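Take a look at the structure below.
The values are calculated or read from the model by the stated rules, or taken from the named source; none is laboratory data. In this text the structure is predicted, and so the values were computed from the model without any measurement. Every residue, glycine as well, gets a Cβ built from its backbone with ideal geometry; the counts of neighbours run over all protein chains shown. Note: accessible area is taken over every heavy atom of the protein model, side chains too, but ligands, DNA and RNA are not part of it. Shrake-Rupley method; radii C 1.70, N 1.55, O 1.52, S 1.80 Å.
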Amino acid sequence: MHIRILSAADVRTALPMSKAIDAMRHAYGQLSAGKVTAPPRQHISTDKGVTLLMPAYLPEGSEFGIKVVSVYDDNPSLNLPRIAATVLVLDPATGLPKAFMDGSSLTAIRTGAGGGVAADLLARPDAKTVGLFGAGVQARAQLQAVMAVRAITHVNLISRTKASAEQLATEISAWTDAPEVNLASNPQQVVEGTDIVLCATTSATPLFDGNTLQPGTHITAVGTFVPEKREVDTTTIRRADRIVVDSREACLEEAGDLIIPNAEIDAEIGEIANGDKPGRGSDDEITFFKSVGVAVQDAVAGSAVLTEAEAKGLGTIVEMG
């Protein structure tokens with residue numbers, strides 16, 4: 001039995017953002033159509049942290065995978081990452097493992113791509129400015145995904161530290177078709193006059209005042225996934241004309257952004273992708289997309305990575321026995 005081992009660099013090579021967005025559109029569509037087997041993620045706690053198990057199977061495309069994510073807060077003191085993830089791709093015909101790959105890079109890409117699908121379906125077609133909260137891996141991925149579906153010319157950026165914001169701004173300046181980046185000094189500067197607001201932080205409390213949102217804004221929030229934390233305030237939720245999620249079941253259990261204000265969900269993004277529910281209704285609507293992440297994203301993204309890796313000869317093939 002052989003298994004292909006794929007590094008973070010291999011994953012990034014095999015899954016460019018444009019391809020990832022197409023993969024997530026398929027994943028969300030299958031999820032909302034009820035064509036997947038994806039039990040709720042399992043949490044296993046130890047003395048030092050928690051590990052999540054996220055399996056999913058999509059029969060139509062034969063995508064089958066399991067992601068294992070560990071969150072250990074003390075790891076940075078040991079020069080280890082706080083969050084580590086791996087993805088195992090399985091053959092649904094035999095149950096045998098086909099690939100084992102870095103899950104952290106895959107998670108960043110697929111989560112960013114999910115936001116790209118939402119922006120494509122919910123943001124105004126003429127959206128040009130982005131307000132970005134956060135300067136970490138996920139903030140980068142969210143911005144890259146939005147740039148793949150809209151002609152972004154300006155980014156208003158704020159982060160917990162000025163150094164991290166400056167570092168990301170420098171990185172963005174080297175991107176193809178790089179937008180102009182403004183380092184904001186307060187949340188109001190990030191949101192006012194902005195077409196798309198991206199929230200990708202670990203903040204436990206709202207990042208901005210929802211009253212500062214202009215009509216027609218689209219907001220994507222991906223940073224929190226526990227009931228007691230939220231990145232957006234109740235005003236934002238109340239002002240939103242359309243509230244869209246990756247998964248109703250998952251968000252009603254985990255999304256503090258929606259649980260705390262007791263929000264009503266209008267649609268899953270997959271229902272809009274499938275044409276079963278409407279997306280943006282007018283240029284003046286405020287739309288909100290919340291994602292807590294679902295296992296079908298990892299199964300589909302992992303399968304896409306493996307297909308491309310096999311075609312390009314990426315990774316290392318190991319004989320398991």
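Here is how the numbers come out for the structure above:
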| item | result |
| --- | --- |
| The chain, relative contact order [Cα under 8 Å, separation at least 6], % | 24 percent |
| Sites K35 and D74, calculated FRET efficiency, Cβ-Cβ separation with R0 41 Å, nearest 0.05 | 0.50 |
| Relative contact order of segment 71-148, pairs being alpha-carbon contacts under 8 Å that are 6 or more residues apart, as % | 23 percent |
| Extension reserve of the T153-T51 stretch, reckoned as 0.36 nm per residue once the Cα distance is removed | 32.8 nm |
| Extension gain (nm, one decimal) between R248 and E60, 0.36 nm per residue minus Cα-Cα | 65.5 nm |
| For q = 0.28 Å⁻¹, Debye-computed log10 I/I(0) when each Cα of segment 37-93 counts as one equal scatterer | -1.07 |
| Volume in Å³ per residue [convex hull over Cα atoms, computed for segment 198-237] | 64 Å³ |
| DSSP bridge orientation in the chain - percent antiparallel, rounded to nearest 5 | 50 percent |
| Carbon + sulfur, % of accessible area of the chain - ligands and nucleic acids excluded, 1.4 Å | 52 percent |
| From the C-alpha gyration tensor of segment 169-321, square roots of 5λ in Å | 31, 22, 17 |
| Accessible area in square angstrom per residue, the chain, 1.4 angstrom probe | 43 Å² |
| Rg to Rh, two decimals, where segment 67-175 supplies the alpha carbon set and Rh follows Kirkwood | 1.06 |
| Compactness of segment 240-321 - radius of gyration and Dmax, Cα, Å | 18.1, 60 |
| Cβ crowding within 10 Å averaged over residues, with 51-59, 308-316, 236-244 ranked highest first | 236-244, 51-59, 308-316 |
| Derived scalar couplings ³J(HN,Hα) [segment 139-155; Karplus, 6.51 cos²θ - 1.76 cosθ + 1.60; whole Hz; x for Gly, Pro] | 4, 4, 5, 4, 5, 4, 5, 5, 5, 6, 10, 9, 7, 7, 10, 9, 10 |
| Average projected area [Cα convex hull, the chain], square nanometres | 16.3 nm² |
| Order of exposure, largest accessible area first, which applies to D283, D102 with probe 1.4 Å | D283, D102 |
| Whole-Hz ³J(HN,Hα) from phi, Karplus 6.51 cos²θ - 1.76 cosθ + 1.60, for segment 76-81, glycine and proline x | x, 5, 9, 6, 10, x |
| Accessible surface, 1.4 Å probe, highest first, among residues E231, E180 | E180, E231 |
| Charge tally in the Cβ shell below 14 Å around D298, where Lys, Arg are +1 and Asp, Glu are -1, D298 excluded | 0 |
| For segment 86-98, Karplus couplings with θ = phi - 60° (6.51, -1.76, 1.60), whole Hz, Gly/Pro x | 9, 10, 10, 9, 10, 8, x, 7, 10, x, 7, x, 10 |
| Accessible area (Å², 1.4 Å probe, nearest 10) - T46 | 70 Å² |
| Whole-Å distance, taken between Cα centres, linking segment 65-85 and segment 153-187 | 27 Å |
